[in-house]
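Beneath this line is the structure, given in C-alpha cells, with notes to follow.
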Amino acid sequence: MRLFTLTLLAFSTATFADNHTSTQEANGIIDSLNKSVTDTTHQLVDDIESDLLNSKFLVKLTRLDSDYWLDGGFSPIETMPENTLLGTFGLYLLPNTWKIKFTYTLTLGDNIVFPSSAIDDYEDQISSPTANYVYQDSDHDTSLIDIYMKPISTSYGDIGFGYRQINKHTIGIIAPTGTVTLLDISDGAGGALTASGANPDIVAANSRTSRTLLTYDFPVKIFSDTHLGFSYAYETSDQLKILDQSNSVIVNPDRTTHIYSFGIRKTLDQITHGFDVKTLTYGSVDNEYKFYNHTTSQNETILTNGSQFTVELIYMFKANNHRQYYLLAQILRRDESDTNFVNNEVLAELGLRF
C-alpha cells in the first residue's frame, strides 16, 4: 500500500511538473506574440508620427489604347480598339517607411480631347443593330483601384505587396462570315445561344479583373541601383474569351491566372530626373478558364499558357519644391501561345506628384 502511495505521489508530481512546464512554454509563446504585436504597434505609431507629413499626392491624365485579337487566325468577334481618357488621383502615405501608394482611376467622359469610348466607334459603323447580347447591366466606364506598398526593406532585399481591380465594359461585333456560338449563354431552350453574322449583332459584357501582387527586389549592394527583381501575380477575371480557330465565344468565363515575371520595376520616388526605364519585365502566364457549356450541358475547363511583356519609359522633369512632373509611355502585351490570343495595351501618361 505504501509502495502504491509513493508511486501515485511520484506520478502526480511528475504530471504536475510536466503540466507546469507546458503552461510555462504556452505562456512564453503568448508573451512573445504579445511583445511582437506591441513592438509592431509602437513601430507603426512611430512611423506615422515621423513620416505622415511626408505624404504626397498624385494626379495624372492617361490615354489608354487597348485591344485583343487572335494572331493569324479567324476571330468570330471583331473587337474595336478602345481609346479611353482616364483621370487618376492618388496618395503616397508614409513614403519613407511603409511606402504605401493608393490610386483611383475613372473614365473622364466621352469626347474629351478624343472619343474616349469604343461605344462611339461602334455607333459610327452600326446604325441599327438587330440584337445586343449583354451578359450584365451595361456599364461603359472604365475604373481602376490600385494599391501597392513596400514595407519590408532589408539587406537581403525589398518585399512589396499590391492589389489592383479593373472594371471594364467589353463589346464586339459578330463576324459577318458566319454564325457564332456563345457557349455560356442559354438560348432559352437549354442550348447555347447562336447569333448570325449576317446581321450586325453585338456582344457586350461587363468584366472585373482583380490582381494580387507580390514583389521582391534584389539588394542594392548586389545589383547596384538597377532594381532588378521577381514578381508573382494572382489574377481573377471574367473578361470575354475568344476560342482559337472556332466560331465560339465564352462571354463571361471564370478565369484564374498565375503570372511569374523578372526584370526592372521602379517606383516614382526611385526616379530623380531625365530619361529612365521605369519597368522592363518579362514572364510566363498560366490561365485556367471555367464555364458552363450549354452546348454540352457540362462544366468545362480550358487551360492555356503564354507570356507577358511590359515596358515603361519615363521622362522626369527636374523637381522643384518637391514636385515631380513626368511623361510616361507603356506597352503591355500578353499572349497565349497555344490559342493565339493576344491582349495589347498602349498608354501615354502625364503626371504630377506633389
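The values are calculated or read from the model by the stated rules, or taken from the named source; none is laboratory data. Note that the coordinates shown come from a computational prediction; the quantities given were computed from them, not determined experimentally. When we count neighbours, we look across all protein chains shown, and the Cβ atoms used for this are built from the backbone with ideal geometry, even at glycine.
Some values worked out for this structure:
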{"quantity": "Test set (1) under 21 Å from the mean Cα position of the chain (by Cα); (2) modelled with pLDDT under 90 - residue 262 fails condition number", "calculated": "(2)"}
{"quantity": "Scan of the stretch 175-192 for residues that are closer than 15 Å to residue 298 by Cα and surrounded by 16 or more Cβ atoms within 10 Å (Cβ to Cβ), ordered by number", "calculated": "182, 183, 184, 185, 192"}
{"quantity": "Selection status of residue 195, under 18 Å from residue 247 (Cβ atoms) and either among the small types (Gly, Ala, Ser) or out of contact with any Lys or Arg (no Cβ under 8 Å at 6 or more places or on another chain) (or both)", "calculated": "yes"}
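Here is a yes/no grid of residues against (1) assigned to a strand (DSSP E or B); (2) crowded, with 17+ Cβ neighbours inside 10 Å; (3) not assigned by TED's automatic domain parsing to the domain that holds residue 333:
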{"site": "194", "(1), (2), (3)": "yes, no, no"}
{"site": "206", "(1), (2), (3)": "yes, yes, no"}
{"site": "211", "(1), (2), (3)": "yes, yes, no"}
{"site": "221", "(1), (2), (3)": "no, no, no"}
{"site": "225", "(1), (2), (3)": "no, no, no"}
{"site": "239", "(1), (2), (3)": "no, yes, no"}
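Yes or no, residue by residue, for (1) surrounded by 14 or more Cβ atoms within 10 Å (Cβ to Cβ); (2) among the small types (Gly, Ala, Ser); (3) modelled with pLDDT of 80 or more; (4) closer than 30 Å to residue 89 by Cα:
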site	(1), (2), (3), (4)
28	no, yes, no, no
38	no, no, no, no
45	no, no, no, yes
49	no, no, no, yes
61	yes, no, yes, yes
70	yes, no, no, no
